[in-house]
Amino acid sequence: MELTTYLSFLISPVILIVALVFIYYNYKPGNWKNIRYAVLYGMAGTIFIVVANYITDAIWHNNLFNLRRITFFVFITIALSAEFGKFLPLRLYFYKQPGFRGPFESIRYSVIISIAYSVIAVVLFGLDIIGTDKLKEPMLFLFTYPFANIFFGIVMGFFLGLGKLRKTFLVIDEAVALFITTFFHGVYYFCFITSDIRLFFVAIFGFIIIGITLLVKSLSFQTELN
């Protein structure tokens, strides 16, 4: 295994440490229980993608020889299983916490879960435990995957938090949160399956714009709540 692969394993832990330091100095949490749970649940969420990958591989033996199989593998095996593993703790545990009032708090927990998820997922991809050997530019994938997960966390957190804020549209907002993050995750992974670098840069540019827009919007909701 190349040294660059091992280096890619360090990106997510470093981002996670920076995020925790940021939370410490900006929010001064008296109780770190929910943050610890977010980290643990995020890491545990990789179980879903491991199981989904194992089942798919047992059926198809990594033979993705047509568009139908590729599409299923990218958007269901990889994207949906990953996002579902992050969605569950956010919805079942953090959603019920007193401090969870809207998109801003939801994004905060969702991003921590997503970063913690990528700590384990990058290693699993790097060691070829999950994913496919048909990935083009695997180093670019490993080095950008943690940052892509931050974006996925922002999107999921925003729409799930919006559901908490609006209440009457909760089921719709939940479905949108899971569907959109799955779609974006699938597009990101699809770029590396097809080796479409132009699509990759267009996707990254779109992710940045959408992510900033949702963060700004979540802050406006936070101001209204205060």
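The values are calculated or read from the model by the stated rules, or taken from the named source; none is laboratory data. Values in this document were obtained by computation on a predicted structure and should not be read as measured data. Every residue, glycine as well, gets a Cβ built from its backbone with ideal geometry; the counts of neighbours run over all protein chains shown.
Some observations on this one:
- If you go through region 187-220 and keep only what is without any contact (Cβ under 8 Å) to a residue 24 or more places away in the chain and not in a helix (DSSP H, G or I), you end up with just D196.
- For region 1-43, the candidate set comprises residues that are of a type in the set (F, W, Y) and within 28 Å of K96 (Cβ to Cβ); within that set, the residue that is surrounded by the fewest Cβ atoms within 10 Å (Cβ to Cβ) is Y25.
- Residue in region 128-139 that is in a helix (DSSP H, G or I), modelled with pLDDT under 95 and within 21 Å of S195 (Cα to Cα) present: yes
- Residue check: F192 meets all listed conditions (1) crowded, with 22+ Cβ neighbours inside 10 Å; (2) modelled with pLDDT of 95 or more but one, namely (2).
- Checked against the criteria, F152 does not count as over 12 Å from the mean Cα position of the chain (by Cα) and among the hydrophobic types (A, V, I, L, M, F, W, C).
- Set F147, F184: member being in a helix (DSSP H, G or I), surrounded by fewer than 20 Cβ atoms within 10 Å (Cβ to Cβ), at negative phi and at pLDDT 95 or above: F147
- Region 47-90: number of residues that are of a type in the set (S, T, N, Q), buried (at least 19 other Cβ atoms within 10 Å of the Cβ) and either within 13 Å of T132 (Cβ to Cβ) or in contact with an Asp or Glu (Cβ under 8 Å, 6 or more places away or on another chain) (or both): 3
- Helices (runs of 4 or more DSSP H) wholly inside region 1-96 containing at least 1 residues that are in contact with a Ser or Thr (Cβ under 6 Å, 6 or more places away or on another chain) and hydroxyl-bearing (S, T, Y): 3-27, 46-60
- Answer from A175, A116 - the residue that is assigned to a helix (DSSP H, G or I), aliphatic (A, V, I, L, M) and free of Cβ contacts under 8 Å to residues at least 24 places away in the same chain: A175
- Residues of region 31-70 satisfying the condition of being free of Cβ contacts under 8 Å to residues at least 24 places away in the same chain and farther than 22 Å from V123 by Cα: N31, W32, K33, I59, W60, N63, F65, N66, L67, R68, R69
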